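The values are calculated or read from the model by the stated rules, or taken from the named source; none is laboratory data. None of these values were measured; they are calculated from a predicted model. Ideal geometry is used to build each Cβ from the backbone, glycine not excepted, and the neighbour counts take in all protein chains shown. Areas reflect the complete protein model, heavy atoms only, side chains present, ligands, DNA and RNA absent. Shrake-Rupley method; radii C 1.70, N 1.55, O 1.52, S 1.80 Å.
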Amino acid sequence: MANVVVIGLGYIGLPTAAMLALHGSDVHGVDISPQTLEALHNGNIPIRKKDLTAIVRDAIRTNRLRISEKPKKAEYFVLCVPTPKKDRQADLSAVKSAAKTIAGYVGRGSTVIVESTVPPGTCSDTVRPILEKGGLQAGPDFHLAYCPERVMPGNIIREIQENDRIVGGLSPMCAERARELYATFVRGKIHLTDLATAEFVKLAENAFRDVNIAFANELADLAEAHGVDIWEVIDLANRHPRVNILRPGPGVGGHCIPVDPLFLLSSKVRARMIPAARDTNDCRPPQVVRIARSLLRGVRNPKVAAMGVAFKGNADDIRESPAIAVIDQLQEEGVRIAAYDPMVAHDLFSTVHLEEAIEGAVLLIDLAERREFAYIDPEMIARKVRRRFLFDTRNAVDHIKWAEASFEVHVLGNANVFLSRKRAVEAVVVSSSS
Ligand code: SAJ
């Protein structure tokens, strides 16, 4: 049974601490936030995720997960603190402060594992010197390892156990010690390497997704220009056994994909593709606004209903959400916005009721891939809106169904507008008589 201190009880630290406890470790969870500590002490889980709530409560009930504001001496220390971006670079202040917090408790034979996403070299150049201030040396006296988290928000409990893990060590012995801890609950393979490689792998994975999405977004614009449907193109291209193009959309949000690729950049290299992908994806919300503006041309005092504000489907998180960027820009331009998202409550623009959001709207913009939207009845919406226009930036709803309810449906990446049968007939009549 390992003795573990987990620093940072957020999206990653909390499930990690709970998993370790439920698999036999004696875990001491530490956080600097009084609200988080108070919530956990009262049996409440600060992160609203059903599967996580059950796991954490079980772990606390076993008495093998205890919560505190201070670390203690232990065999293992796992750092799960955030690394947001600041001026397009990693803000390492939380990692440094976590390392300082545990430095006095790391003893001979302890293993320190960093999980936070960091630029290559951080563990050896930043974390190691802080830990060594106490007089012990990383390698001979204590072990230092890096094991990036790789889970998908919304599916954390399953992925934390099933995904393969990468463990980098300052030495092979350091990696081996860290592997032993993860092997208590990880069913995926655990691959061992050195510190900087493990740090780099995590960033390469997320940069890959960002570049691939940027490629899909660029293809979407090109497809529109050529009068081709990008969604059909991607579907067919992905039938090739070695092609896997991701999906275009209104932009890239969340706390990982739009941030992590920047951590790879180095002043020694003139990187072109990663910054270009970032710029391409950052330009998506203004592109959506441009299209929305063209769909609103000639309408006085327009009201737009934004469908979905989270950064992606099945998420309740609005960090770096492209939907928010679209809403903000339209609002700045004087457009009235009502947003509906069944998973997000936001004071500024969110409304709980779909009907309230769409009442009197002249344009509906689908901004998040919400499974729930597939069940909305367009006939009901048609009766409430002022004008029947839908702009689907995610290719997420049944366009024919909406067109049958007399909506004019514009799909991002597809220049062909879906028209209701009545309007399609009118359009043919107009074009043949002109
Ligand atoms: N997006 C697209 N097109 C796509 C896929 C995503 O436009 O084809 C957009 C999404 O709508 C969203 C953004 O990109 O705005 C990021 O989405 P994501 O699903 O790639 O990323 P996250 O932030 O939810 O989670 C990722 C993990 N992604 C998956 O497992 C699919 C994983 O790669 C990372 O381990 C994790 O972030 C992390 O924590 O680093």
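Return the only residue of Pro15, Pro46 being closer than 16 Å to Pro153 by Cα and in a loop (DSSP other than H, G, I, E, B). Explain how you work it out, then say what you get.
On the way: Pro15 fails: in a loop (DSSP other than H, G, I, E, B).
Criteria check complete, one pass: Pro46.
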For segment 254-280, pairs from a residue that is more than 18 Å from Ala196 (Cβ to Cβ) and among the hydroxyl-bearing types (Ser, Thr, Tyr) to a residue that is within 13 Å of the ligand (Cβ to nearest atom) and open to solvent by less than 50 Å² (accessible area, probe 1.4 Å), with Cβ under 8 Å and 6 or more apart or across chains, are Thr280/Ala214; Thr280/Asn217
Hey, Val186 hits all of (1) open to solvent by 50 Å² or more (accessible area, probe 1.4 Å); (2) over 23 Å from Thr126 (Cβ atoms) but one; which does it fall short on? (1)
Do the conditions hold for Asp229, that is, is it touching a residue at least 12 places away in the same chain (Cβ under 8 Å) and of a type in the set (Asp, Glu)? yes
Only one residue in Ser294, Ser266 is part of a helix (DSSP H, G or I) and open to solvent by less than 80 Å² (accessible area, probe 1.4 Å). Which one? Ser294
Any chance Ala216 is under 26 Å from Ala310 (Cβ atoms) and in contact (Cβ under 8 Å) with a residue 40 or more places away in the chain: no
Residue pairs, Cβ under 7 Å, 6 or more apart or interchain, first in segment 319-330 and at pLDDT 95 or above and open to solvent by 10 Å² or more (accessible area, probe 1.4 Å), second within 14 Å of the ligand (Cβ to nearest atom) and not β-branched (Val, Ile, Thr). List them. Ala325/Gly251; Ala325/Pro285; Gln329/Pro285
Among the candidates Ala17, Ala90, Ala39, which residue alone is surrounded by fewer than 18 Cβ atoms within 10 Å (Cβ to Cβ) and under 27 Å from the mean Cα position of the chain (by Cα)? Ala39
Checking Arg247 against (1) more than 30 Å from Glu115 (Cβ to Cβ); (2) within 12 Å of the ligand (Cβ to nearest atom); (3) open to solvent by 80 Å² or more (accessible area, probe 1.4 Å), the condition it does not meet: (1)
